[in-house]
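The values are calculated or read from the model by the stated rules, or taken from the named source; none is laboratory data. Note that the coordinates shown come from a computational prediction; the quantities given were computed from them, not determined experimentally. Backbone-built Cβ (ideal geometry, glycine too); neighbour counts: all protein chains shown.
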Amino acid sequence: MRITRLAIAVGCLSLGASLPSLGQQRVGFVLELQGKWVSAKDQAALKLGQTLPGGLVVENVTPVDGDHIVIANLNGEIIKTVRCRSAVCRECTPTGGCYDPIHPLPDSIGASSSLSTVFNAVVELLAAKPDHYSVHRVRGAEDFRSAVLQLEASSIDVEDLLQGLEPGNYTLQLTPILSGSEQPTARALKGQMIWTPGTKAHLTVDGIEPGLYEVQCQHNSTIGDAWVLICRGSEYRRIATEYAEFRRKTAPWEKSVGASTIQEYERVYLDYLSLQNIRSAK
């Protein structure tokens, strides 16, 4: 069964994407789920991207092996994981064992103002285009992660993009992504280089400009794609620092959700950073 991945949502979802209010504050959001999950109170279906009120109890009325739901609080910390096996769904402990009955969500959770600001902005992007950030799995894609890259003249430092990949000849095709647009006819730019781990990895691409791009990487056969935000000078240093902090914050998710969930979330955040950079430049 296909796992539907990634939901980041904080209080700004449209009314159509929210559960009926239980009279309590929203305390979390659905990060990942597989199967048909509902609110035990009124059997309202749960969807990726929904914020959830305090006191909510989740339920799967027709569980099959592999069904699960992962919920995070508004600071991005995972607070509940429920997994199903042999037609029974159990809540999992932080150490990984799934033995307990499903408990209600807490009544309240304090949210960091800075994180809440980021999540509120991110959910607007995700809610508008839930499929826009999806990751398509192909050979080698496990190690091909999105990144913030530095541009000097027409040369891009792509070392962070190629980390973990085998050495050899690489062709990279970069297609601009305009925030809020699928850009089906955007002009792709290409560059070639020889990647040797441990050495500088500068890729020359004629006509390249700062911005958000989808990168398709080819080495012998296509090995995957990623999103990159290309910046110059002081903008690069600032944005790269913010992105590194974001990845640090989401690193604990690796124990609870699939790699694609984290990579999709990174794409949304890069889109958010790109928008912020555009606005600050005006």
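Odds and ends about this structure:
- Which listed residue is at positive phi, at pLDDT below 95 and either under 26 Å from the mean Cα position of the chain (by Cα) or not basic (Lys, Arg) (or both), from 96, 110: 96
- When the test is whether a residue is surrounded by 12 or more Cβ atoms within 10 Å (Cβ to Cβ) and under 27 Å from residue 168 (Cβ atoms), residue 238 does not pass it.
- Selection from segment 190-246 of residues that are part of a loop (DSSP other than H, G, I, E, B) and of a type outside the set (S, T, N, Q): 197, 198, 200, 201, 205, 206, 207, 208, 209, 210, 232
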